[in-house]
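Read through the structure below, which is laid out as structure tokens, and then see the notes.
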Amino acid sequence: MKIYRRHETTKRRILLTNFIKMLILFSGVCIFTSACVTLGKDFPVSRVVEIKIGKTSKNEIRKMFGPPWLSGFKDGELSWTYSKYDYSLFGERKAKVLVVQFGKNRLVTTFTFNTTEHNE
């Protein structure tokens, strides 16, 4: 009876190992075939023109673009970053980044917007 159980345990291990290998292979195939990665979150580019240095407040920026994807400090001022990066192994790579800095009065002191979509 013990030999039967040992044989059954070995058989289960082999099946489990093969299942894990197939799962890894399937995941790899899915990643390779999609070959697409998106980082950040989308934001309305059309509203960037509404930002006015010294006039637009932190609350207005939040209402326009929502919560920032990244937050930090640059040159001692609060900095919010809104960005979206789309990477594709086979297609076009796209990016758009908005960085807004706020002074102590909670108004925009500077901002930059960059994109890979050129409308020249």
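In this entry, the chain is assigned a mean projected area of 13.0 nm², taken as a quarter of its C-alpha convex hull surface. The loop-placed trypsin sites (Lys or Arg not before Pro) in region 49-92, going by DSSP, that have at most 10 neighbouring Cβ atoms within 10 Å of their Cβ come out as K55.
Lysine pair count for the chain (Cα-Cα distance under 21 Å; residues 8 or more apart in sequence or on different chains): 26. Close amide H partners of L78, meaning residues 5 or more places away or on another chain with modelled amide H under 5 Å apart, are F102. Restricted to Cα atoms, region 81-120 shows a radius of gyration and a Dmax of 13.9, 46 angstrom.
Helical content of the chain, expressed as a calculated mean residue ellipticity at 222 nm, amounts to -12000 deg cm²/dmol (DSSP H runs of 4 or more residues, -39,500 (n - 2.57) each, divided by residue number, nearest 500). Residues considered: T109, T17, T81. Largest GNM mean-square fluctuation over the chain, using C-alpha springs under 10 Å, is found at T17.
Where a number appears in this text, it was derived from the coordinates with a stated rule and is not lab data. Just so we're clear, the structure is a prediction, and the values are computed from it rather than from any experiment. Neighbour counts run over all protein chains shown; Cβ positions are idealised from the backbone, glycine included.
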